[in-house]
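Taking it in order: structure first as structure tokens, then the write-up.
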Amino acid sequence: MRKQASIRQTAVLGVLRDNDRPMTAYAILDRLKLKEPDLAAPTIYRTLAALTEQGRAHRLESLKAFVPCRCDHHASVPVLAICEDCGTVEEHDGTPLVPQLAAISAKSSFQATKHIVEIHGQCQACTA
């Protein structure tokens, strides 16, 4: 029997929120399989796709991993600062970047459908 999508999304978000580092789909699957051994990777990928589409989670393209959304930015740009030492991810509101990103896209007649900015470096705790 298949769980309802909302129940599955709640479970996946719970795993993401319980972890302070980005998680791959397979790491999420491993956690959820402890209680649901028959769970398969396609189910996790579908759930993550729905959560990212809803803006409730973010896919870190450079890491092929996911983090829960921690801001309210339906009309803005999430800026994700990723520490390359400890792996923490801080989420910031990049609303002031929207006009600049639109101008950059317009130069090549590119029409963006969404914006996500990833910044790699070191967090304050790792540089101290």
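The values are calculated or read from the model by the stated rules, or taken from the named source; none is laboratory data. Given the structure is predicted, the values throughout are model-derived calculations rather than measurements. A quick note on method: Cβ atoms are made from the backbone with ideal geometry, for glycine too, and the neighbour counts reach across all protein chains shown. Just so you know, the surface numbers come from the protein's heavy atoms only, side chains and all, with ligands and any DNA or RNA stripped out. Shrake-Rupley method; radii C 1.70, N 1.55, O 1.52, S 1.80 Å.
Assigning unit charges at the beta carbon (Lys, Arg +1; Asp, Glu -1) and nothing else, what dipole magnitude in debye, to the nearest 20, does the chain show about its Cα centre? Before the final figure, lay out the partial values.
On the way: 15 positive and 14 negative charges, 118 e Å.
Roughly 560 debye, rounded to the nearest 20.
Give the carbon-plus-sulfur fraction of the accessible surface of the chain in %, rounded to a whole number; probe 1.4 Å, heavy atoms of protein chains only.
Working: 4480 of 8360 Å².
Here it works out to 54 percent.
Computed from these coordinates, which is Kirkwood radius over Cα pairs in Å: (i) 14.7; (ii) 16.0; (iii) 15.3?
Recomputing Kirkwood radius over Cα pairs in Å here picks out (ii).
Net charge within 10 Å of residue 50 by Cβ-Cβ distance, Lys/Arg positive one each and Asp/Glu negative one each, not counting residue 50 itself? Spell out each step's value before the answer.
Values: positive: 8, 46, 56; negative: 53.
Local net charge: +2.
Would you mind getting the accessible area per residue of the chain, heavy atoms of the protein chains only, 1.4 Å probe, in Å²? Intermediate results must be reported in sequence, preceding the final value.
Working: 8360 Å² over 128 residues.
I get 65 Å² per residue for the chain.
Of the lysine pairs in the chain, how many meet both conditions: Cα atoms under 21 Å apart, and a spacing of 8 or more in sequence or different chains?
Numbers: 3/33; 3/35; 33/64; 64/114.
Taking the Cα cut-off of 21 Å, the pair count is 4.
To test your reading of the geometry: what angle, between 0 and 90 degrees and rounded to tens, separates the Cα axis of helix 5-18 from the longest principal axis of the chain?
Around 70 degrees separate the two axes.
Which whole-number percent is the relative contact order of the range 12-128 (Cα, under 8 Å, 6+ apart)?
Working: 150 pairs, mean separation 27.1, N = 117.
Value for the range 12-128: 23 percent.
Round to the nearest 0.05 the FRET efficiency obtained for residue 114 and residue 40 when R0 = 25 Å and r is the Cβ-Cβ distance.
Numbers: r = 28 Å, r/R0 = 1.10.
The calculated FRET efficiency here is 0.35.
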